[in-house]
1. Divide, for the range 262-353, the radius of gyration over alpha carbons by 2.2 N^0.38 Å, where N is the residue count.
2. Determine how large the accessible area of Ile260 is when every protein chain is in place; take a 1.4 Å probe and give Å² rounded to the nearest 10.
3. Using unit Cβ charges (K, R positive; D, E negative) and no other charged atoms, how large, in debye to the nearest 20, is the dipole of the range 262-353 about its Cα centre?
4. Run the accessible area of the range 357-421 with a 1.4 Å probe and give the carbon-and-sulfur part as a rounded percent.
5. Give the residue from Asn24, Asn11, Gln108 lying farthest towards the positive end of the charge dipole for the range 1-120; charges sit on Cβ (+1 for Lys and Arg, -1 for Asp and Glu) and the dipole is referred to the Cα centre.
6. Counting only helical runs of four or more DSSP H residues, what would the 222 nm mean residue ellipticity of the chain come to if each run contributes -39,500 (n - 2.57) and the total is spread over all its residues?
7. Once the convex hull of the alpha carbons of the range 357-421 is built, what does its volume come to per residue, in cubic angstrom?
8. Summing +1 for each Lys or Arg and -1 for each Asp or Glu, what net charge is found among the other residues whose Cβ lies under 12 Å from the Cβ of Glu320?
Amino acid sequence: REAESFKEQGNAYYAKKDYNEAYNYYTKAIDMCPKNASYYGNRAATLMMLGKFREALGDAQQSVRLDDSFVRGHLREGKCHLSLGNAMAACRSFQRALELDHKNAQAQQEFKNANAVIEYEKIAETDFEKRDFRKVVFCMDRALEFAPACHRFKILKAECLAMLGRYPEAQSVASDILRMDSTNADALYVRGLCLYYEDCIEKAVQFFVQALRMAPDHEKACVACRNAKALKAKKEDGNKAFKEGNYKLAYELYTEALGIDPNNIKTNAKLYCNRGTVNSKLRKLDGAIEDCTNAVKLDDTYIKAYLRRAQCYMDTEQYEEAVRDYEKVYQTEKTKEHKQLLKNAQLELKKSKRKDYYKILGVDKNASEDEIKKAYRKRALMHHPDRHSGASAEVQKEEEKKFKEVGEAFTILSDPKKKTRYDSGQDLDEEGMNMG
């Protein structure tokens, strides 16, 4: 009678949603009468409401051990298994409930839910192998609707979020698990993975080492730890060689580092940019442009790579491309320096679209007055119409055009004022200087 009284009080608190008090009274009832299946069933229901599914599972199992015909006990056992992500065991519990009461609507529905989770698990496994991480996240989200306390599903989702570059979300999931279980090796591994992919390699190694302390045979943590250490060492060796001016060795070391882990996008973007810098020092400008392009493909917010590529475009006189890169940089970071770089590139682009009078005369941009005069005489003689009077009409026309251009070039470059305007990229038709 005393045990029943405690149970009734527990029921009253349960109805008021005061689950902690309900738990206390059901425990008192169990202490008074430890062989009553329904008391364990009630306490299991309370623990489930408190989100303590592992403890609830123990009570539900005890309830059906005491009374195998206790339908609600089997339902609660199945629900706990399902919430913890063990869908096969859940199916067995729901099947037993249906054997006892084949019309039980809850058992029918929960049996369907458990089978759905099994199906989501199978699809996720296949998609993980195919590296279709978005699909795995989708499947785990669906499975977690029925299995909210399953750490395994949460970890798989977090790992895939990290692979998709959604690091804050992945870290949030892993941190939630670590708050409940600080020794969870999988969660430690995922935290490390996020840091590793965000190029915080030293911190990442600490998490991988911690994960391996908890689970020495954790294969993924072992591989990630090895990669992280190798990547850090190679990158540092490359930086050292670069600082010492050994560009050939730096190039080789950065190339080796790039081969370590193709999944580490952020670090690889930096390595490509570093190698691009090495290429530009070696005057291999096409290689430098290609490396910087690979860097921005991996990380389209990487300002340093855009600046490096823009400079290479300037050096190879690809001014339109340089302007495009400097515009991108200036839109992202509106600094004085970036504005000036953009203006310079725009000016060079404008200059490149005019006639190149230095090229027409065949002289260097730093040529003296005498050199310009000599070059003019030589070119004027070369293209003079009298010299080509016996050629075809087409050739005569072409040479006449070149002769006029030589005269035009000389008019500008032999006049200091006009030359200064021309060199600074100003329009020559301003202030009555029309070349007509």
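1. Working it through for the range 262-353, the quotient is 1.05.
2. 40 Å²
3. Magnitude of the dipole: close to 260 debye.
4. Carbon plus sulfur share of accessible area: 49 percent.
5. Gln108
6. Theoretical 222 nm ellipticity from helices: -25000 deg cm²/dmol.
7. 69 Å³
8. -2
The values are calculated or read from the model by the stated rules, or taken from the named source; none is laboratory data. Predicted model only: the values in this text are computed from it and were never measured. Every residue, glycine as well, gets a Cβ built from its backbone with ideal geometry; the counts of neighbours run over all protein chains shown. Note: areas computed on protein heavy atoms with side chains; ligands, DNA, RNA excluded. Shrake-Rupley method; radii C 1.70, N 1.55, O 1.52, S 1.80 Å.
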